[in-house]
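First comes the structure, then the notes that go with it.
The values are calculated or read from the model by the stated rules, or taken from the named source; none is laboratory data. Since the model is a prediction, treat every value here as computed from it, not as a measurement. Using ideal geometry, Cβ is built from the backbone for each residue, glycine included, and neighbour counts are taken over all protein chains shown. Remember, those area values only see protein heavy atoms, side chains included, never the ligands or the DNA or RNA. Shrake-Rupley method; radii C 1.70, N 1.55, O 1.52, S 1.80 Å.
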Amino acid sequence: MTQTQEASSPPAARWAQATLRLSSRYAESVSEALMEAGALSVSIEDAQADSEDEQPLFGEPGMVPEQTSWSDNRVLALFNSQAEGESMLADLPPEWLKDALIDWEDVAEQDWVRLTQAQFDPIPITPRLWIVPSWHAPVNDAGVVNIRLDPGLAFGTGSHPTTQLCLRWLSQADLAGKAVLDYGCGSGILAIAAMKLGAQSATGVDIDPQAVESAASNAAENEVDITWGLPGHSAANGQFPVLVANILSNPLKVLAPGLCSHVAPGGWLVLSGVLERQAGEVAAVYAQWIQLSVWQSLDGWVCLAGQRNTDTAE
Ligand SMILES: C[S@@+](CC[C@H](N)C(=O)[O-])C[C@H]1O[C@@H](n2cnc3c(N)ncnc32)[C@H](O)[C@@H]1O
């Protein structure tokens, strides 16, 4: 998760970046205080990212209390100079930095827009399905489905394994003639993919109004007609032959009765945002309505899928 404040002063030719290794106790306070003090940008990362100890944390609205740091954090702060940064750090309460490991690095001025764009290359989800940012040409091979998507404020650029697992599931499913509900739509990527892969209709809901807005604009960019709204939107009230939800294991467990009630008899429920070690407990919660099993896993995350019995009414 990244909290960033854009520079208001003109960029210097060289900047100084401090990397502070901090526990969850002080990471957020340090980050906020540095932003207030005038750091050019501050972000917090999981210091264990890409390791077995990575902690799932999407910074979802509605998580109470809202968790914005990990147990082991890397706070990256950019300053006009190391002297300026050291002086801002010296103004913080000493106990915040008591156990911090601090590294300094010289950062050359760069074209940030191009640098950011360079980090987002087209992503092949399957040979048939590609996520392509707007600054790249679409993949023109026969039969390839391009989803045009730029990184934005909502989660779901196609780079996260949980999104990729859901996209892989959608691309192997027979969606023709089916209505799809994307629960926790974020950028709208799953509903958009479903439509481009042949679904008859799609609905996406999210508790974050900003996600709903960005999903609508991404759908327009992809020229697909999808109904978006907050949970409880009338379009999401019925039952769907396919329901896909990439959230996190705890909210998924809480949402279980509601999500299952939106799956039509014989329909598919597809869940992601679940770590391998959490798969059993999530499946156990859903077992009274739908038997879920691990469909595929990727980088420690799983996609759970299961079909609702055809004889269940609701
Ligand atoms: C991990 S993102 C997934 C976004 C996108 N569907 C994807 O696959 O990349 C999870 C999304 O679920 C939303 N969300 C979290 N809890 C929710 C809830 N109880 N009801 C609806 N949406 C929720 C969040 O706001 C966030 O946009």
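Here Val224 passes the criteria (1) within 12 Å of the ligand (Cβ to nearest atom); (2) touching a Lys or Arg at 6+ places or on another chain (Cβ under 9 Å) except the one numbered (1).
Number of residues in segment 197-208 that are within 14 Å of the chain's Cα centre (by Cα) and open to solvent by less than 10 Å² (accessible area, probe 1.4 Å): the value is 0. Residues that are aliphatic (A, V, I, L, M) number at least 3 in the following strands (runs of 3 or more DSSP E) confined to segment 259-314: 263-275, 301-307.
The number of residues in segment 257-281 being without any contact (Cβ under 8 Å) to a residue 40 or more places away in the chain and either charged (D, E, K, R) or surrounded by fewer than 22 Cβ atoms within 10 Å (Cβ to Cβ) (or both) comes to 8. Within segment 154-164, identify whether any single residue is open to solvent by 40 Å² or more (accessible area, probe 1.4 Å), within 12 Å of the ligand (Cβ to nearest atom) and closer than 21 Å to Phe240 by Cβ, and answer yes or no. The answer is no, given that none of the residues of segment 154-164 is open to solvent by 40 Å² or more (accessible area, probe 1.4 Å), within 12 Å of the ligand (Cβ to nearest atom) and closer than 21 Å to Phe240 by Cβ. On the given criteria, is Ala193 within 15 Å of the ligand (Cβ to nearest atom), at pLDDT 95 or above, within 22 Å of the chain's Cα centre (by Cα) and among the small types (Gly, Ala, Ser)? Yes; evaluated as a whole, the condition is true for this residue. Being over 20 Å from Gly143 (Cα atoms), open to solvent by less than 10 Å² (accessible area, probe 1.4 Å) and in contact (Cβ under 8 Å) with a residue 12 or more places away in the chain holds for only one residue in Ala211, Ala179, Ala194, and it is Ala211. The strands (runs of 3 or more DSSP E) falling completely within segment 92-211 that include 1 or more residues that are assigned by TED's automatic domain parsing to the domain that holds Tyr26 and more than 17 Å from Asn222 (Cα to Cα) map to 101-108.
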